[in-house]
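The values are calculated or read from the model by the stated rules, or taken from the named source; none is laboratory data. In this text the structure is predicted, and so the values were computed from the model without any measurement. Positions of Cβ are generated from backbone atoms using ideal geometry, with glycine treated the same way; all protein chains shown enter the neighbour counts.
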Amino acid sequence: MEHNTIAAISTALSEGGIGIIRLSGDDSVTIVDKIYRTKGGERKLLSFSSHTIHYGFIYSGDEIVDEVMVSVMKAPNSFTKENVVEINCHGGILMCRKILSLVLENGARLAEPGEFTKRAFLNGRIDLSKAEAVMDVISSQSELALKNSVRQLEGRLFNKIKELREKTIYEIAFIESALDDPEHISLEGYPEKLTETVKYLLKEVTSLYESSKKGKFVKEGINTVIVGKPNVGKSSLLNVLLGFERAIVTDVEGTTRDTIEEHVTLNNVSLNLYDTAGIRDTSDYVENIGVDRAKKYADTADLILFMLDGTRPLTKEDEQIIDLIKNKKVIVLLNKIDSNCVIDKEEIKKMFFEDYAVLEISAKESIGIDSLEKIIEEMFMEGVVSSKDELYITNIRQAEALKSAADSFELVLRSINDGLPEDFYSIDLMNAYSSLGKIIGEDVDEDLVNEIFTKFCMGK
């Protein structure tokens, strides 16, 4: 690994009270010493102890650039296990960039996205699951996602994977030893013992893998599409869920012609909302494009909110939409119950939606919205919200590695049942061990590591 010193702006490039320029590498302290002076100018950063912060000024030549606080964290007791210096300057895009330029001019190079965390991983400071959790903490869009990311950052996943790998490698070592020294190590009765161990390993790995189904919704949110014929209140529902007027609402049919995308967190549920054009047969070219998009979004949605106008009888257009959304996760919303409804909720349920939730609401008056939130939570987050300790896999790469490990454990059990020689067990156990290692970075190649960290934000 390169030991050159990297630098980047680690705070958002916007106006703010504080901006931070971070350096990591052998020459971090020396580089900052070239542009930093204490108030009296009598001491250098090199003379200060680790994990201390100091008041002073950044200079460009003899000109003061900014009044700053400088933190010094010396190797190996830092995030990257290298010398780390953080310059806390006045916030603002121009000031941060000016100080970064001075740092680069004096010997540092610009860090790549995620390179600080990458160095922490490569230097053994954190494992790969913790490194990925760092980015998940930053990008969390709900309290649930944040809590789950913090659990991974605390090492919950690492500790579980480490336990499973230790049990696996023990069995591999036992088999190999017995095959090398059959006179002293007997394999008699071993298949039965191994069966119990592998069943436990398979159960634990499968449980983690199954958690990824809910983990996807915890991390990314539920892709939720609002569908219905024109003028049933779709845009009004979007606005009330968001808490502000995002979509134009009029009595004119076809007002919404394109898909409106927004994100909202309702209590513990994170939704990626898509308000679509009213679905109907139309000769209007532009509106027809919107209708086609609405059908496309409905086809790939995690959840469909199908809105009916309770003040109007069902039409052919409603029935066409019902055919479109069959066999999908649907909540039927009977809207405008604050007016004179002509559609009966129970009748609708019997006719079309025996297996679906049918909810009476008024998007205009915000009636029934709390009930809608509870139903969505029950559909997608059952057990997640109430659980304080359970870990959910939110990373596709980790889920794929768990699936691969589970498949390998299944093969071990199959080999035992088929009475195959013990060296067959060892091969599949080693494959499982390797797959689990990919989760924590014990068995990954350089290209994968580079790909993972390029998804990080700059300065982290």
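A few remarks follow.
- Residue count for the range 320-337 under the criterion of being surrounded by fewer than 16 Cβ atoms within 10 Å (Cβ to Cβ), over 32 Å from the mean Cα position of the chain (by Cα) and in a loop (DSSP other than H, G, I, E, B): the result is 0.
- The residue list Glu204, Glu210, Glu196 contains one member that is of a type in the set (D, E, K, R), out of contact with any Asp or Glu (no Cβ under 7 Å at 6 or more places or on another chain), surrounded by 16 or more Cβ atoms within 10 Å (Cβ to Cβ) and in a helix (DSSP H, G or I), which is Glu204.
- Output for the range 202-237, where each listed residue is polar (S, T, N, Q) and over 26 Å from Ile138 (Cβ atoms): Thr206, Ser207, Asn231, Ser235, Ser236
- Filter result for Ser426 (of a type in the set (S, T, N, Q), over 20 Å from Gln152 (Cα atoms), at pLDDT 90 or above and in the same structural domain as Ser186 (by TED's automatic domain parsing)): yes
- Pairs are defined by a Cβ separation below 8 Å, a sequence spacing of at least 6 or placement on different chains, a first member in the range 211-223 that is of a type in the set (A, V, I, L, M, F, W, C), and a second member that is modelled with pLDDT of 85 or more and in a helix (DSSP H, G or I); the pairs so defined are Ile222/Ile376.
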